[in-house]
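Right, one structure below, let's go through it.
The values are calculated or read from the model by the stated rules, or taken from the named source; none is laboratory data. Computed from a predicted structure; not experimentally measured. Backbone-built Cβ (ideal geometry, glycine too); neighbour counts: all protein chains shown. For accessibility, only protein heavy atoms count, side chains too; no ligands or nucleic acids. Shrake-Rupley method; radii C 1.70, N 1.55, O 1.52, S 1.80 Å.
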Amino acid sequence: MSEHEVNFKHLSIAQLQESVTSNTYVVVDIRDENSFQAGHIPNAIHLTNETMADFLRNADFDAPVVVCCYHGISSQQAAQFLISQDFTDVYSLDGGFTQWQAECPDHIAV
């Protein structure tokens, strides 16, 4: 890895929970439509292949972005993809929405 190569970082549920009310992070949820509609992190943006172009067109590339999936696995690839699109501050949510739901049941939007 060169010194100029940027990689995504990891964010814990606790770290995100501390800032969820202040909207410090832009949260993008890459789960399927039904799962997203059933419940998601407050203010999360549902990011799909269909919404990606609009998201990229309107994004603040310097804002901290947290990618959420089911268990924190797929979000790592998606986070690295956003880095490749010139986002500078990208995180994968460790444990994903499953962990968020377990630790923050009072902070779920539908």
Query raised in the report: Quick one: what pairs do we get from the stretch 27-43, first residue free of Cβ contacts under 8 Å to residues at least 12 places away in the same chain, second outside any strand (DSSP E or B), C-beta under 8 Å, 6+ apart or different chains?
Result: F36/A44
Report task. Could you pull out the residue among D54, D62 that is open to solvent by 30 Å² or more (accessible area, probe 1.4 Å), assigned to a helix (DSSP H, G or I) and modelled with pLDDT of 95 or more? Result -> D54
Report summary line: Those residues of the stretch 65-110 which are aliphatic (A, V, I, L, M), under 23 Å from N7 (Cβ atoms) and in a loop (DSSP other than H, G, I, E, B) amount to I73
Report summary line: When P105 is run through (1) in contact with a Leu (Cβ under 9 Å, 6 or more places away or on another chain); (2) surrounded by fewer than 22 Cβ atoms within 10 Å (Cβ to Cβ), the failure sits at (1)
Report task. Could you please let me know if S92 is at pLDDT 95 or above, open to solvent by less than 20 Å² (accessible area, probe 1.4 Å) and closer than 23 Å to A14 by Cα? Result -> yes
**Report entry** Only one of F97, F81 that is within 18 Å of V110 (Cβ to Cβ) and surrounded by 13 or more Cβ atoms within 10 Å (Cβ to Cβ)
**Finding:** F97
Query raised in the report: Do you know which of the residues in the stretch 2-22 that are within 14 Å of A109 (Cα to Cα) and open to solvent by 20 Å² or more (accessible area, probe 1.4 Å) is modelled with the highest pLDDT?
Result: Q17
